[in-house]
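What follows is calculated from the coordinates using simple rules that are stated; it is not laboratory data. In this text, all values refer to a predicted model and were calculated from it rather than measured experimentally. Glycine also receives a Cβ, built like all others from the backbone with ideal geometry; neighbour counts cover every protein chain displayed.
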Amino acid sequence: MTATLKDVAARAGVSRSAVSRTFTDGASVSEKMRKRVLKAADELGYSPNFLARSLTTRRTKMIGLISNNFHNPVFLTVFDLFTRGLQDRGLRPLLVNLTDETDPDSSVQMLRQYSVDGVVVASSTLPPAFSKAFRDAGMPVVNTFGRYSGTPDVHVIGIDNVACGRMAARTMIARGYEDVAFLGGPEAATSTQDRMTGFVSELTAAGLQPSLSFADAYSFEAGRKAMLELLQHKPAQAYFCGDDVLSIGALSAIRDAGLDVPGDIGILGLNDMEMAGWQNINLTTIGQPIPHIVQASIDMVASMLDEPDRAPEARVLPCRIVERGTLRPPQTP
C-alpha cells in the first residue's frame, strides 16, 4: 500500500497540517518538527502528491516548453539545458511539439487544461503574435530565441538576428569575397527575414549585391537540397547559410559535387552547435550563447511566477565569430 499523509502524521505523532507544511515550500515549521516528519516519511517511503497539492495551492510548478523545430539538432542541446535547468529550480517541463503548427489556439487550450504556471516558447521562427496569445490567455510567457523588438508584447530573450546578418557580411568582406550569397531557412521565418535583412543591408552599403535563396526548413536535408539546386548554375564564392544545420547540408552537397570548401566555395553558419566543431565538418560559424539564453529564460519565467504582471522586456545577448575551416582567412592589409 502507498503511504499517505495521514500515515506519516500518525508515525511522526503530529497533525496532518504539520506534515503538509513540511512539504510546502516557504511554509512555517520548526527544524525539530521538519526532521521528525522527514524521518517518518523516509521510513514509510512517502512522497508528496504535487498534483493533488496543486488543487489547494493553485500552483502546479509545470512550465509548458514549446518548440516547432525538432529537426534541428541544436534543439537537443536547448531541451537538455531547459529540462535540467527547470528541474533544478523545482519546476516541471511539459514539452509540446508544434512542428508544422502556426495557430496557437490549440496549444493555449492544452496548456490551460494542464494548468501550467508559465510558458516558454523556444522558437526563432514563430511570429511574435504566437507568444502573445499565451499572455492574452493569462499565462506568464517568455519567447526564447524570439524576434527582438524595442517594445515587445512578451518577454523576449535571444540574439539580434539583424546584427548577426551584418556580422556575417562584414566577415565575408574581410576575407575578400565579392560574389556572396544568402541561403536562409524558410522564407517566412522571422529569423530568416532578419538575418537576410542585416546581411543585405551591410553588403549593399559596401557596393555588393548578394543573391538570395531559401531552404524549405532548418534541416540537413533542406540545406543539401537547396545547395544541389544552386550548384546547377554558377555558384557564389561564399554563402551565409543562416544556420549550422543548413550549412552542414550545403557542405555535403558541395563535397559530393567534387568541390572544395573553402577553396572553391566558402560557408558560414550560425548557432555553433556541437556538431559544427566536429573534425569532419569544422564549420566557421556565428556562435550564439545558447546556455546563457536558456538560463536567462529560466530565471525570467521563474521570476514571473511571483510577478506575473511584470512589464515585457527584450534581452539581447552578444554573438561572436567562431573561426574554423570553411571560410578563407581574413585578408591582411
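Data table
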| read-out | value |
| --- | --- |
| Region 161-288 - convex hull of the alpha-carbon atoms, volume per residue in Å³ | 92 Å³ |
| Per-residue Cβ neighbour rank within 10 angstrom, fewest leading, SER219, SER15 | SER15, SER219 |
| Per-residue Cβ neighbour rank within 10 angstrom, fewest leading, LEU91, LEU86 | LEU91, LEU86 |
| Within a Gaussian network of the chain (alpha carbon springs, distance under 10 Å), most fluctuating of ASN97, ASN69, ASN143 | ASN97 |
| Principal axis dimensions, largest first and in whole angstrom, of region 5-48 by Cα | 24, 18, 15 |
| The chain, Rg to Rh (Cα coordinates; Rh as Kirkwood inverse mean 1/r) | 1.12 |
| Net charge dipole size for region 161-288 [Lys, Arg +1 and Asp, Glu -1 on Cβ; Debye, nearest 20] | 220 debye |
| Cα-based shape type of region 78-120, given that a ≥ b ≥ c are square roots of the gyration tensor eigenvalues and the cut on a/c is 1.5 | oblate |
| For the chain, built as a Gaussian network whose Cα springs stay under 10 Å, the top-fluctuating residue of ARG92, ARG11, ARG195 | ARG11 |
| Nonlocal amide H pairs with GLY325, under 5 Å, H built at 1.01 Å | LEU283, THR284 |
| Estimated FRET transfer efficiency (SER211, SER303; beta-carbon r; R0 45 Å; 0.05) | 0.50 |
| Of LYS61/LYS132; LYS35/LYS61; LYS6/LYS32; LYS32/LYS61, pairs whose Cα-Cα distance is over 23 Å | LYS35/LYS61; LYS32/LYS61 |
| Convex hull (Cα only) mean projected area of region 211-281, reported in nm² to one decimal | 4.3 nm² |
| Fluctuation leader among GLN232, GLN193, GLN87 - the chain, Gaussian network, Cα springs under 10 angstrom | GLN232 |
| Percent RCO, i.e. relative contact order, over the chain, from Cα pairs under 8 Å lying at least 6 residues apart | 15 percent |
| Neighbourhood net charge (13 Å Cβ-Cβ; Lys/Arg +1, Asp/Glu -1) for GLN87 | +2 |
| Within straight-line cross-link reach of LYS39, aspartates and glutamates at Cα separation under 13 Å, skipping those fewer than 8 residues along the same chain | ASP7, GLU31 |
